[in-house]
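Reviewing the structure listed below.
The values are calculated or read from the model by the stated rules, or taken from the named source; none is laboratory data. Because the structure is predicted, anything quoted here is derived from the model rather than measured. All Cβ positions, even for glycine, are placed from backbone atoms using ideal geometry, and neighbour counts span all protein chains on display. Heavy atoms of the whole protein, side chains included, go into the accessibility calculation; ligands, DNA and RNA do not. Shrake-Rupley method; radii C 1.70, N 1.55, O 1.52, S 1.80 Å.
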Amino acid sequence: MPLKPVTPRNARKLMAQHNAVLIDIRSADEHARERIAQARHIPAERLAAAGMPAMDAAAVIYHCHSGNRTALNAQMLASSADCETYALEGGIEGWKKAGLPVETDASRPLELPRQVQIAAGSLILLGAVLGAAVSPWFHALSGAIGTGLIFAGMSGSCGLAHVLLKMPWNRTLSPTLLPQPRQGD
């Protein structure tokens, strides 16, 4: 049975009136930084590996960041529950746009994939600027970072993420929070 789309307001009604459970399928670092208070956190990878834990629910509503990951994993998500299944339209971003509350913890670092994007983009830009202004040899920095991104995409292992995990602001993150190949978002 496919996932049925549900608006954030209707999802809230289902949760309040029909014993529906909201499941956040995002990574642990995403959930720690911003979450819907009523949502249970079960990452998509865990659902794919172990299935849905036993729960007494009339319906399950899945959400991610924007709805893309939920849509890309719809078949697996729909088959992991023994009840009606829904996809929250727009994910947590849609929830916020509907004016519904979220809990945020600004003390938590940005999600590791975003940190990698910021660091890689900054290093590529730095290499391009220094290559144009100082010496063409600095273009090698941009090339090295680009090569590292290609390797990370092909192998699923990101050296820059490993380095960023050692930074003081990430010391509380678990090594299991290394970026996994993500679909969507």
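Out of His18, His31, report the one residue that is out of contact with any Lys or Arg (no Cβ under 7 Å at 6 or more places or on another chain) and open to solvent by less than 90 Å² (accessible area, probe 1.4 Å).
On the way: His18 fails: open to solvent by less than 90 Å² (accessible area, probe 1.4 Å).
Sole residue among the options that is out of contact with any Lys or Arg (no Cβ under 7 Å at 6 or more places or on another chain) and open to solvent by less than 90 Å² (accessible area, probe 1.4 Å): His31.
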Being in contact (Cβ under 8 Å) with a residue 24 or more places away in the chain and crowded, with 21+ Cβ neighbours inside 10 Å, is that true of even one residue in the stretch 71-78? yes
I'd like to check something: does the stretch 57-71 contain any residue that is modelled with pLDDT under 90, aliphatic (A, V, I, L, M) and touching a Ser or Thr at 6+ places or on another chain (Cβ under 7 Å)? no
Could you please give the count of residues in the stretch 41-59 that are surrounded by 15 or more Cβ atoms within 10 Å (Cβ to Cβ) and either in a strand (DSSP E or B) or more than 15 Å from the chain's Cα centre (by Cα) (or both)? 4
Here is a list: Ser135, Ser174. Which entry is of a type in the set (S, T, N, Q), surrounded by fewer than 17 Cβ atoms within 10 Å (Cβ to Cβ) and at pLDDT 90 or above? Ser135
What pairs can you find where one residue is in the stretch 22-42 and more than 19 Å from Pro53 (Cβ to Cβ), the other is open to solvent by less than 10 Å² (accessible area, probe 1.4 Å), and their Cβ atoms are less than 6 Å apart, with a gap of 6+ or different chains? Asp29/Leu112
Out of the residues in the stretch 96-123 that are of a type in the set (A, V, I, L, M) and within 17 Å of Gly153 (Cα to Cα), which is most open to solvent (accessible area, probe 1.4 Å)? Ile118
With the requirement that a residue be touching a residue at least 60 places away in the same chain (Cβ under 8 Å) and aliphatic (A, V, I, L, M), what does the stretch 79-105 give you? Ala87, Leu88, Ile92, Ala98, Leu100, Val102
